[in-house]
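What follows is a short report on a single structure.
The values are calculated or read from the model by the stated rules, or taken from the named source; none is laboratory data. A quick note: this is a predicted structure, and the numbers were derived from the prediction, not measured. Please note: Cβ atoms are built from the backbone with ideal geometry, for glycine as well, and neighbour counts cover all protein chains shown.
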Amino acid sequence: MNPAQPPTSDTPDVIVVGGGIGGLSTAFALTREGLRVRVLERAKEFGEVGAGIQIAPNCTRILHEYGLLDEAKSLGVLPANMVMRDALDARELTRLDLADLERHYGFPYMVIHRSDLHGLFLRACRAAGVELLTDRTVTGYEQTAGGALVRLADGSAERAPLVIAADGLRSVARRDLVGDDVVSSDYVAYRAAVPIDAVRANGVAEQDVTVYVGPHCHFVQYALRGGDMFNQVAVFRSPAALAGRDDWGTPDELDELDAAFEATCDPVRKGIPLMWRDRWWQMLDRDPVETWVHGRIALLGDAAHPPLQYMAQGAVMAIEDGWVLAKHAARLPGAGGPDWDAVLAAYQAVRVEHCRRVQRTARAWGELWHLDGERRLRRNAVLREVDPYGYAFTDWVYGPTALFPDEEPAMFEPVPLASARPAEQVTG
Ligand SMILES: Cc1cc2nc3c(=O)[nH]c(=O)nc-3n(C[C@H](O)[C@H](O)[C@H](O)COP(=O)(O)OP(=O)(O)OC[C@H]3O[C@@H](n4cnc5c(N)ncnc54)[C@H](O)[C@@H]3O)c2cc1C
């Protein structure tokens, strides 16, 4: 279809609310299956804020299927290793050899600037003929006979056989249909993406993703944009959040950012002055919910399953959601289009449990990263024992995205008893 001539139908097959990575990737996936999709985005322009994003093989596998992986690789970086270090003494705790990981899963682990990944999907949507509308704020949702309707802030309404709410962590649809609230972890993230020359003197490992884990803080570093830029994320427990204040994470806390990393090793401490001081991200998630589908309205991406970021799977899960929906739409024809009720039932049957596992694991992983005192030392001892070439702990997340519940792998393969060390040897 000519991108200069978007579809003119008044009633598309699908309305997607939200043009973030989840909404655009889903719109593209459904359009590839011959569906007419309209995206309604609140912002005046499509775009992404933030810095880098990690995308694991369960995502690059999908990008490959979409014909977008080569372009993604040309925009991003394929790091050599993912290395976890103790933030206080810089000692290595564990690593993944990402070349071997690519061999194991068949697709790479890569890092890319958020706006580059978003731009990739935006161009793909335009080329595929997705109807992309900005400055459209959705304020409410209703079921209709054979579909659903969205109400917009300008007083208008739009309807379609299926409405997908990909409107993010603060989703209006989630508020109306589920009614739960976000959960605060009391942690706040500061980010920075700076020219690589700004960090060369700091002793950074340009070829790796490095995660320094420390008492109530952590620090992530990796190169971006072919190695020309360097991404840093500094996360710490906010004293204001702990004190129950609403305005936590704000620039008033900048002294706290410096204080949180005061005792850390050189490569971390030297990175802190480079952090952007005018933007911050509160680390929030929600408790998992079992029902994402309400009639012909389906939650997707952060609206359905916002995780804490410790597994680096939030955007990846959103992209998987869209891929799964499109696969079932192609597989389940109905009268005059997909059998949407069957498609939505299949979507919910397979995605809810997977995303619940990621959300729960992300919370537990975050707690492990931030341990202090003797528990930190015990953690370090255990992590040093992990086999870097054993994929028992990653198959359930980095393996192929399941389309049916029985394809979802067990979370962890049991570790053979013979290789388990006695507990007393695994202490700090
Ligand atoms: C510090 C940090 C690091 C992260 N790192 C990673 C990582 O390495 N890998 C990874 O996979 N994930 C990562 N994530 C998570 C990831 O950023 C999110 O899970 C992902 O961006 C969610 O995408 P989404 O499209 O569902 O929601 P969003 O990106 O929030 O998009 C929602 C869209 O909906 C629009 N919208 C909202 N309300 C309305 C409305 N009422 N009407 C119309 N439009 C509306 C918004 O303007 C926005 O464009 C990280 C998150 C954080 C905070």
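Give the residue that is nearest to the ligand (Cβ to nearest atom), with candidates limited to residues of the range 292-321 that are among the β-branched types (Val, Ile, Thr) and crowded, with 24+ Cβ neighbours inside 10 Å. Lay out the reasoning, then the answer.
So in the range 292-321, the residues among the β-branched types (Val, Ile, Thr) come out as 293, 297, 316, 319.
Then drop every residue that is not crowded, with 24+ Cβ neighbours inside 10 Å, which leaves 297, 316, 319.
Working: ILE297: 13, VAL316: 4, ILE319: 8 Å.
Among residues in the range 292-321 that are among the β-branched types (Val, Ile, Thr) and crowded, with 24+ Cβ neighbours inside 10 Å, the one nearest to the ligand (Cβ to nearest atom) is VAL316.
I'd like to know if the range 374-392 contains one or more residues that are surrounded by 17 or more Cβ atoms within 10 Å (Cβ to Cβ) and farther than 27 Å from ALA80 by Cα.
no
Residues VAL324, VAL289: which one is closer than 30 Å to THR11 by Cβ, within 16 Å of the ligand (Cβ to nearest atom) and surrounded by fewer than 21 Cβ atoms within 10 Å (Cβ to Cβ)? Can you show your working first?
Values: VAL324 fails: surrounded by fewer than 21 Cβ atoms within 10 Å (Cβ to Cβ).
Testing whether each residue is closer than 30 Å to THR11 by Cβ, within 16 Å of the ligand (Cβ to nearest atom) and surrounded by fewer than 21 Cβ atoms within 10 Å (Cβ to Cβ) leaves just VAL289.
Against the definition (within 13 Å of the ligand (Cβ to nearest atom), under 23 Å from GLU65 (Cβ atoms) and in contact with a Phe, Trp or Tyr (Cβ under 9 Å, 6 or more places away or on another chain)), how does LEU122 come out, yes or no?
Yes.
Condition test on SER171, is it modelled with pLDDT of 95 or more and touching a Gly at 6+ places or on another chain (Cβ under 9 Å)? Spell out the reasoning first.
Numbers: modelled with pLDDT of 95 or more: yes; touching a Gly at 6+ places or on another chain (Cβ under 9 Å): yes.
Taking the combined requirement at face value, the residue satisfies it.
Which fully enclosed strands (runs of 3 or more DSSP E) of the range 199-244 have 1 or more residues being charged (D, E, K, R)?
Details: elements: 208-214, 217-224, 229-237.
Output list reads 208-214, 229-237.
Go through the range 370-379 residue by residue and tally those that are within 28 Å of the chain's Cα centre (by Cα) and within 19 Å of PHE261 (Cα to Cα).
Of the residues in the range 370-379, the ones within 28 Å of the chain's Cα centre (by Cα) are 370-372, 376, 379.
Adding the requirement that they be within 19 Å of PHE261 (Cα to Cα) leaves 370-372, 376.
Number satisfying all stated conditions: 4.
Please work out which residue is farthest from LEU78 (Cα to Cα), limiting yourself to the range 191-212 and to residues that are away from the ligand (no atom under 16 Å from the Cβ) and acidic (Asp, Glu).
Step by step, filter the range 191-212, then rank; the result is ASP197.
Just checking, which of ALA243, ALA234 is within 22 Å of ASP197 (Cβ to Cβ) and out of contact with any Asp or Glu (no Cβ under 7 Å at 6 or more places or on another chain)? Spell out how you get there, then give the answer.
Details: ALA243 fails: within 22 Å of ASP197 (Cβ to Cβ).
Answer to the check: ALA234.
Do any helices (runs of 4 or more DSSP H) lying entirely in the range 310-397 carry at least 1 residues that are under 23 Å from LEU117 (Cβ atoms), and which ones are they?
On the way: elements: 314-331, 340-369, 373-384.
The helices (runs of 4 or more DSSP H) meeting that bar are 314-331, 340-369.
How many of the residues in the range 118-173 are out of contact with any Ser or Thr (no Cβ under 9 Å at 6 or more places or on another chain), closer than 19 Å to LEU35 by Cα and in a helix (DSSP H, G or I)?
4
Tell me which of these ASN81 doesn't satisfy, since it passes every other one: (1) in contact with a strand residue (DSSP E or B) (Cβ under 8 Å, 6 or more places away or on another chain); (2) of a type in the set (S, T, N, Q); (3) within 14 Å of the ligand (Cβ to nearest atom); (4) farther than 30 Å from THR11 by Cβ.
Going through the list (1) in contact with a strand residue (DSSP E or B) (Cβ under 8 Å, 6 or more places away or on another chain); (2) of a type in the set (S, T, N, Q); (3) within 14 Å of the ligand (Cβ to nearest atom); (4) farther than 30 Å from THR11 by Cβ, ASN81 breaks only (3).
Quick check on my filter: what residues within the range 55-99 are of a type in the set (Val, Ile, Thr) and in a helix (DSSP H, G or I)? Even if it seems obvious, please write down each step before you answer.
Kept after step one, since they are of a type in the set (Val, Ile, Thr), are these residues of the range 55-99: 55, 60, 62, 77, 83, 94.
The answer is THR60, ILE62.
So for the range 340-349 (the condition being near the ligand (Cβ under 10 Å from one of its atoms) and not basic (Lys, Arg)), does at least one residue qualify? Reasoning before the result, please.
Let us first name the residues in the range 340-349 that are near the ligand (Cβ under 10 Å from one of its atoms), namely none.
Within the range 340-349, not a single residue is near the ligand (Cβ under 10 Å from one of its atoms) and not basic (Lys, Arg).
Which one is surrounded by the fewest Cβ atoms within 10 Å (Cβ to Cβ), of the residues in the range 138-182 that are within 18 Å of ASP302 (Cα to Cα) and away from the ligand (no atom under 14 Å from the Cβ)?
By that ranking, first place goes to GLY179.
Which members of the range 247-277 meet the condition of being at pLDDT below 85, in a loop (DSSP other than H, G, I, E, B) and of a type in the set (Asp, Glu)?
ASP247
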